[in-house]
Structure formats: C-alpha cells, structure tokens
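Values in this text are rule-based calculations from the coordinates and carry no lab data. All figures in this text were calculated on a predicted structure; none of them were measured in a lab. Glycine gets a Cβ as well: all are built from the backbone with ideal geometry, and neighbour counts include every protein chain shown.
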Amino acid sequence: CYKTMSDDKSNMVTCTAPVNIAVIKYWGKRNEELILPINSSLSVTLHQDQLKTTTTVATNRSFEEDRIWLNGKEEDISHPRLQSCLREIRRLARKRRNDTHQSFDVAGLSQKVHICSINNFPTAAGLASSAAGFACLVYTLARVFGVEGELSAIARQGSGSACRSMYGGFVQWIQGERDDGKDSLAQQVEPESHWPELRILVLVVSADRKPIGSTSGMQTSVKTSALLKHRAEGVVPKRMGDMIEAVCQKDFTTFAELTMKDSNQFHATCLDTYPPIFYLNSVSQQIINVVHRYNRHYGETRVAYTFDAGPNAVIFTLEQHFSEFVQVVQHFFPSEINGGKFIKGLPVDDANLSEGLKQDIGLEPMPDRISYIISTKAGPGPCVVEDHSQHLLGSDGMPK
Ligand code: DP6
C-alpha cells in the first residue's frame, strides 16, 4: 500500500498517528539521550477521529537538505531528537537494503526528505502533541524508506511517550533493562475493540501560564525526589500487573481507581520535587472533587480522572454514565468561551441531573474555566492515508 522510488517517480507518503493518555505514568529517565525510563507505563490510545497528527514525507533527487514544517511553520531540522529519529530509520533502511541485496538507491536513501506535519487539534489547547507527532514522523519515514517491523524504539527516541502512540487500544511501554535500550519497547496489551463501552472525555482547562515541560520537569524530579524513586521501584511494578489485569478483565472499578491513584502519585512526586512543580490548578482540583463526590453519590466508582504535565483533565467512564457525567461537568463548569459549542467529538445525549446529585456534589460552579470538552474513545494506531489528494506537500515538495 505504499510506493517506493523504484516504482513511482513521486516518493511521497502521508500517515496519521494518535495521541495517547497514560493511566500508569512515565516520569523520569535513566538515560536522557536514548530516552530510557525508570519505570514501565501504560496508556490508552485516543481515537484519531477526534485527535490526530497527519504527516507527509517526500524524498526527491532535487531536495538539497532535510527540511520540516510543523503546523505551517518551518522548524529547525537539527533538533537532536528529530535527528535521532531520522538517523535510526535511515540506519534500518540501509540494513534492509544490504540484507536484501537491493540496488544502491532503491528507497531513495541517498536523497533528502521534506516533512510536513499538522495536528487536527489546537496546540494552544495544551494537549500533548509530541507523542502523536513523533509517532507519526517515525511511522511515515518508515513507509517512505520501506522499513518494517518494530518501530516503537525509534519513536521513543523522539519523545518517550511517543512509543506508546505506535499502537492502538491499550499499550504498555516496557521499561527494559539493557543499556542500549533495545528492550525498552511499546507493546499492545489489548486492541481498541476490546472495551467498546469505555468513553473518554478531555476537559480542556483554560490555562494562563504554560507549565514546565515534561523533559526538564522529570530531570529535576529524578535528581531531588525520594518519593519518585520509591514510586518507580516499590509501587509501579505491582501496579502495572494490576492494571493489565483490570484492562484484560474490563474491570472498570479497578481500572478507574488505579488510574486516579497513579495520577495523584505522579503529581505528589511533582510536589516532592525541589523546587516543587505544580501542574494541577484550582480547576483541576475542582474536577477531582466533582469526580469523587459523583462516585460517592452512587456508592460506586463510575468515573475516573487523570492529569499529565498540565491542568487539563482526561476522564474515563462507561457508556451508560457518559451523558450524565457530561451534564455534571457542564453544570459545575458552565462556559461560553467556545461560542456555546462546549462539546466536540462523539455526540452526547441529553440527561437530566437530579437535585439530589447536584446537592451531593454541592460545589460552587466555576464559570468559563473549562473552555470545551472533547468526547472520544479508544482508537487504532498509526495508519497510511491512501488518498493522495490528502498529501500535505505539493509535487514541488513544498507545503500546499
Ligand atoms: C506526564 O514523553 O513528553 O505525560 O520523553 O522527555 O519527551 P520526554 O517526555 P514526555 O513525557 C510524558 C510525561 C507524562 C506521562 C506519560 O505520558 O506517561
């Protein structure tokens, strides 16, 4: 389903890749350059109908240098993590060419690449785009150069969490033990079809400050937090096993409780970092309270939250509670910010909130603090876009 230089004069490929949200968090590296983590992690791949990166890569004899455009703007290709991904894919392509005794330039290996990439969601929303971005880059480069097989170890060298975006559904990143990182890989635990009732809401919190980036945040945590060391060695190994079991059994209660506890412990290690790092703001804290009070009202765990390195919440729930919980969010966080279009993505049914539920939650509404909600579910891994009219580069190799 892809063309190489030998059978098509325009060697151009477009692919898409998903965002993922960790339910067991990656935080801390044992090797900065290879991006090797101090603990394993597990994530859910979000559906590309709502959140995706699209990347076109072209090779051509006439290109004078490797170039990249991100969301319409040319960026510096010399970025070390970009260079790692390009180098590793070209290395694999050369190996394949030599192993299969192909002619010198069968996959355009001597040629330069042009890369153009866009997200279908606003970068300003503060959603982790580097995972989808590097996963898409590596997947597309691999197609262009005719490389197959295990690619998550290359995506990992772009951004740690990117290795998990190489698969759909429920994905673990096994930390590995080797110094060369060859065993630090992502692996699918279950495909996206495994748990169709699971629903996911991204609550986009209007933030005024840009939080500290994950790369430097986790460096400071590794240096200063004893709690992080305890977490990586004494908590996550067992939690990974329990989480995999909960996913396989579709045990929502266990999945939800482990997800919330792991998010809370990650943010506790941020507070234990010196100087401390705060990713949660007052809106995040209010979301946490709403979720716990909602669950308490029903006497069971129907909803879970998780937060990455920023104030946005990601909510997990099951189909039967989905519409009601959206109404809860809308009631306690009313917003006109997005011109009244509060919910994007999968449709939500009308639901009436009982006075008893509102009273039991019993918090003051916080107007205009959640900009909008993206409603989605688990989705597939990277895909090739077969429709050539979707290429982001023109036949001249420049962004359209
Ligand atoms: C809090 O993958 O962005 O989202 O490897 O330095 O690029 P680098 O960091 P990154 O860190 C993600 C941290 C997290 C948790 C997670 O996704 O597991």
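Dividing the summed -39500 (n - 2.57) terms of all DSSP H runs of n ≥ 4 by the residue count of the chain sets its mean residue ellipticity at 222 nm at -10000 deg cm²/dmol. By its C-alpha gyration tensor, with a ≥ b ≥ c as the square roots of the eigenvalues, how is the chain shaped: rounded for a/c under 1.5, else prolate for a/b larger than b/c, else oblate? Prolate, since a/c reaches 1.5 and a/b exceeds b/c.
Most simply put, the range 198-376 has about 85% antiparallel DSSP beta bridges, counting only bridges with both residues inside it. Could I have the simple spin-label model distance between residue 349 and residue 87, label points 7 Å from Cα toward Cβ, reported in nm to one decimal? With each label point 7 Å from Cα toward Cβ, the separation is 5.5 nm.
Taking the Cα centre of the range 134-206 as reference, the dipole from Cβ charges on Lys and Arg (+1) and Asp and Glu (-1) amounts to some 260 debye.
How do 248, 270, 163 line up, fewest other C-beta atoms within 10 Å first?
Numbers: 248 13, 270 24, 163 33.
Fewest-to-most ranking of 248, 270, 163: 248, 270, 163.
Run the numbers on the range 198-376 and let me know its relative contact order in percent, using alpha-carbon pairs under 8 Å that are six or more apart.
Details: 252 pairs, mean separation 60.2, N = 179.
Rounded, it is 34 percent for the range 198-376.
Sorted by mean Cβ packing within 10 Å, highest first, what order do the peptides 329-340, 36-47, 366-377 take? Each step should come with its number before you reach the end.
Working: 329-340: 15.8, 36-47: 24.9, 366-377: 19.5.
My ranking of the peptides, most packed first, is 36-47, 366-377, 329-340.
Computed from phi, the 3J(HN,Hα) profile of the range 41-58 under the Karplus parametrisation 6.51, -1.76, 1.60 (θ = phi - 60°) reads 8, 9, 9, 10, 7, 7, 5, 6, 4, 9, 9, 7, 10, 10, 9, 10, 10, 10 Hz, with x in place of Gly and Pro.
Computed from the alpha carbon positions, the gyration tensor of the range 198-376 leads to an equivalent ellipsoid with semi-axes of 28, 21, 14 Å, biggest first. With the alpha-carbon atoms of the range 314-400 aligned to their principal axes, the span from lowest to highest coordinate is 62, 27, 19 Å, starting with the largest. Most simply put, the chain has about 90% antiparallel DSSP beta bridges, counting only bridges with both residues inside it.
With the simple model of a label 7 Å out from the Cα in the direction of the Cβ, residue 285 to residue 101 spans 7.0 nm.
Taking all pairs of different Cα atoms in the range 76-150, averaging 1/r and flipping that mean, what Kirkwood radius in angstroms comes out? Result for the range 76-150 stands at 13.7 Å. Whole-Hz Karplus values for the range 18-26 come out as x, 8, 10, 10, 6, 9, 10, 7, 8 Hz, taken residue by residue from phi with 6.51 cos²θ - 1.76 cosθ + 1.60 and θ = phi - 60°; glycine and proline positions read x.
Given the Cα-Cα distance of residue 338 and residue 368 and 0.36 nm per residue of separation, how much length would full extension add, in nm? Show your work: numbers first, answer last.
Values: separation 30, 0.36 × 30 = 10.80 nm, distance 0.94 nm.
Here the segment from residue 338 to residue 368 would lengthen by 9.9 nm.
Out of every Cα-Cα pair that the range 27-141 contains, those further apart than 23 angstrom amount to 41 percent. Springs between alpha-carbon atoms under 10 Å, Gaussian network over the chain: tell me which of 55, 215, 317 tops the mean-square fluctuations. Top of the fluctuation ranking is 215. Residues of the range 177-206 with an amide N closer than 18 Å to a point placed 7 Å from the Cα of residue 251 along the Cα-to-Cβ direction: 189-190, 195, 198. Could you sort out which of 229/377; 182/223; 52/210; 95/377; 182/250; 52/400 sit more than 27 Å apart by Cα distance in this structure? Those over the limit are 229/377; 95/377; 182/250.
Relative contact order of the range 15-173: 35 percent, from C-alpha pairs under 8 Å at least 6 residues apart in sequence. Taking amide H positions as modeled 1.01 Å from N, with prolines and chain starts lacking one, the residues under 5 Å from residue 68 and 5 or more places away or on another chain are 75, 77, 115.
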